[in-house]
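> I'd like to ask you about the structure that follows.
The values are calculated or read from the model by the stated rules, or taken from the named source; none is laboratory data. Remember, it's a predicted structure, so these values are computed and weren't measured experimentally. Virtual Cβ from ideal backbone geometry, glycine too; neighbours counted across all protein chains shown. Ligands, DNA and RNA are excluded from the accessible area calculation, which covers all protein heavy atoms including side chains. Shrake-Rupley method; radii C 1.70, N 1.55, O 1.52, S 1.80 Å.
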Amino acid sequence: MIRVLLAGAGAMGQAWLAAIHADPGVELAGVVDLDLAAARRAGPGLPVGTDVAALAAETGAEAVIDVTVPVAHHEVTTAALFAGLSVLGEKPVADTLAQALSLVAAADVSGRLFMVSQSRSWNPQLFALRAMTGKLGPVGSVSTGFHRAPHFGGFREQMAQPLLVDMAIHAFDAARFLLDDDPLSVSCQTWNPPWSWYAGDACAAAVFEMTGGARYVYHGSWCSPGAETSWNGEWRVSAQEGTARWDGDHDPVGPPVDAPDDRYSGIGGALRVFTEALQSGVTPMGEVHGNVLSLAMVEAAVDSARRGRPVLIDEVLARAHEQAVRDERRPEVRDELRSWTDVRAALRAA
């Protein structure tokens with residue numbers, strides 16, 4: 001039984017509470033939130049606090065599930081790692097790529113596991129599509145069409161790049177998983193139709209060159225009423241030996257494959273993988289070194305749209321690395337960052 005703290009008692013915190021209570025291998029030791037009343041409501045009768053390290057010391061918790069807002073991810077996760085706690089965090093890994101690199105170094109220095117939950121990647125249908133892709137020989141292209149028309153209200157409708165920054169990372173991470181490959185460069189355009197209710201660009205089209213030679217094409221819109229796609233998007237894999245397709249909600253269509261393990265689905269699946277990794281020592285999918293390049297794809301796409309030209313992923317990584325070194329407050333983490341002569345190589349080191 002692994003004792004965990006939940007950091008963040010908001011809407012996503014409630015979803016994670018349900019996953020924690022449904023997992024027989026996990027025990028909720030306490031709830032952390034700046035709003036203590038919200039923490040008490042989330043964990044009635046349990047210890048609560050505003051500081052992860054202090055509440056962990058009080059309760060004997062072994063790990064933290066970080067469901068705070070993205071801007072708090074760096075501070076909360078760093079504090080937890082250096083308090084000797086492993087961390088399962090909500091996407092994105094951090095608010096910026098520079099902070100994400102800092103967290104990679106913090107995980108290295110502390111020796112603790114930091115795994116990022118990309119909940120839409122824990123989908124048995126996506127695993128089946130990956131198995132089909134593996135049977136199709138060399139891949140020429142993978143494409144995702146994502147078209148929805150949600151009226152969120154609040155901060156998303158005021159963001160400069162709401163689709164890319166808040167949603168596209170799910171598809172980018174899934175594309176890396178499907179291809180077992182990483183991005184080299186991206187060419188991206190974003191725009192906002194005249195009927196859009198978003199202040200920023202709600203539409204994007206991006207083409208990524210991947211290290212294996214395939215192209216990943218993303219075309220999405222958050223102001224596309226009518227004939228909406230799944231929240232997972234619509235996928236097409238085009239390869240030498242044929243094609244596989246997935247509508248995002250039902251079983252994919254392609255060469256026959258064994259049924260995937262449906263125990264690993266959604267945030268409950270991510271939680272199970274996290275606890276199994278703590279027990280076995282095996283590096284899980286979503287471990288921070290492996291997850292950072294999905295966030296790099298987001299920052300590179302935004303940068304390409306702003307500059308109006310293709311952007312190299314290594315260029316974005318190098319710039320973020322320089323920023324991470326400048327901003328780092330922990331000397332041991334700064335020294336670790338400075339030891340990296342090649343950021344991509346450092347990310348492959350896990």
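> Of the residues E322, E328, which single one is open to solvent by less than 70 Å² (accessible area, probe 1.4 Å), under 23 Å from the mean Cα position of the chain (by Cα) and not aromatic (F, W, Y)?
So the residue among E322, E328 that is open to solvent by less than 70 Å² (accessible area, probe 1.4 Å), under 23 Å from the mean Cα position of the chain (by Cα) and not aromatic (F, W, Y) is E328.
> For region 255-269, state whether one or more residues are under 24 Å from L6 (Cα atoms), in contact with a helix residue (DSSP H, G or I) (Cβ under 6 Å, 6 or more places away or on another chain) and among the hydrophobic types (A, V, I, L, M, F, W, C).
Yes.
> How many of the residues making up region 132-150 are hydrophobic (A, V, I, L, M, F, W, C) and surrounded by 19 or more Cβ atoms within 10 Å (Cβ to Cβ)?
So the count comes out to 4.
> Here's another thing I want to ask about it. Which condition breaks for G60 when tested against (1) of a type in the set (G, A, S); (2) open to solvent by less than 10 Å² (accessible area, probe 1.4 Å); (3) more than 17 Å from H289 (Cβ to Cβ)?
(2)
> Still on this structure: From the list D258, D249, which one is open to solvent by 20 Å² or more (accessible area, probe 1.4 Å), in contact with a Phe, Trp or Tyr (Cβ under 9 Å, 6 or more places away or on another chain) and of a type outside the set (S, T, N, Q)?
So the residue among D258, D249 that is open to solvent by 20 Å² or more (accessible area, probe 1.4 Å), in contact with a Phe, Trp or Tyr (Cβ under 9 Å, 6 or more places away or on another chain) and of a type outside the set (S, T, N, Q) is D249.
> From the list A324, A349, A301, which one is in a helix (DSSP H, G or I) and closer than 20 Å to V104 by Cα?
Of the residues listed, the single one that is in a helix (DSSP H, G or I) and closer than 20 Å to V104 by Cα is A324.
> Out of E241, E209, which single residue is surrounded by fewer than 18 Cβ atoms within 10 Å (Cβ to Cβ), over 30 Å from P194 (Cβ atoms) and in contact with a strand residue (DSSP E or B) (Cβ under 8 Å, 6 or more places away or on another chain)?
E209
> Let me ask something additional. Within region 304-317, take every residue that is aliphatic (A, V, I, L, M) and assigned to a helix (DSSP H, G or I) and give me the one that is farthest from M115 (Cα to Cα).
In this case the residue turns out to be A305.
> When the residues of region 271-296 are filtered to those that are at negative phi and among the small types (G, A, S), which remaining residue is most open to solvent (accessible area, probe 1.4 Å)?
Per the stated criteria, the residue is S280.
> Pick from G213, G200: which is in contact with a helix residue (DSSP H, G or I) (Cβ under 6 Å, 6 or more places away or on another chain) and at pLDDT 95 or above?
Being in contact with a helix residue (DSSP H, G or I) (Cβ under 6 Å, 6 or more places away or on another chain) and at pLDDT 95 or above holds for just one of G213, G200, which is G200.
> Identify, from the list S185, S196, the residue that is open to solvent by 10 Å² or more (accessible area, probe 1.4 Å) and assigned to a strand (DSSP E or B).
S185
> Considering only residues that are within 14 Å of the chain's Cα centre (by Cα) and modelled with pLDDT of 95 or more, which ones fall in region 105-132?
F114, M115, V116
> Restricting to region 7-19, count the residues that are surrounded by 19 or more Cβ atoms within 10 Å (Cβ to Cβ) and either at pLDDT below 95 or assigned to a helix (DSSP H, G or I) (or both).
Selection size over region 7-19: 4.
> Taking region 1-45 as the search range and keeping residues that are β-branched (V, I, T) and out of contact with any Asp or Glu (no Cβ under 9 Å at 6 or more places or on another chain), which one is farthest from A72 (Cα to Cα)?
The residue in question is V26.
> Assess whether V311 counts as being out of contact with any Phe, Trp or Tyr (no Cβ under 7 Å at 6 or more places or on another chain), under 18 Å from D182 (Cα atoms), modelled with pLDDT of 95 or more and crowded, with 23+ Cβ neighbours inside 10 Å.
no
> From the list V93, V67, which one is under 16 Å from the mean Cα position of the chain (by Cα) and open to solvent by 10 Å² or more (accessible area, probe 1.4 Å)?
It is V67.
> Ok, one more. All but one of (1) among the acidic types (D, E); (2) in contact with a helix residue (DSSP H, G or I) (Cβ under 7 Å, 6 or more places away or on another chain); (3) surrounded by fewer than 21 Cβ atoms within 10 Å (Cβ to Cβ); (4) under 19 Å from P183 (Cβ atoms) hold for E299, so report the exception by its number.
Every listed condition holds for E299 apart from (3).
Listed here are the residues, each with its yes/no results for (1) open to solvent by 10 Å² or more (accessible area, probe 1.4 Å); (2) farther than 20 Å from V273 by Cβ; (3) of a type in the set (G, A, S); (4) free of Cβ contacts under 8 Å to residues at least 24 places away in the same chain.
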{"position": "L5", "(1), (2), (3), (4)": "no, no, no, no"}
{"position": "L34", "(1), (2), (3), (4)": "yes, yes, no, yes"}
{"position": "L55", "(1), (2), (3), (4)": "no, yes, no, no"}
{"position": "L85", "(1), (2), (3), (4)": "no, no, no, no"}
{"position": "L101", "(1), (2), (3), (4)": "no, yes, no, no"}
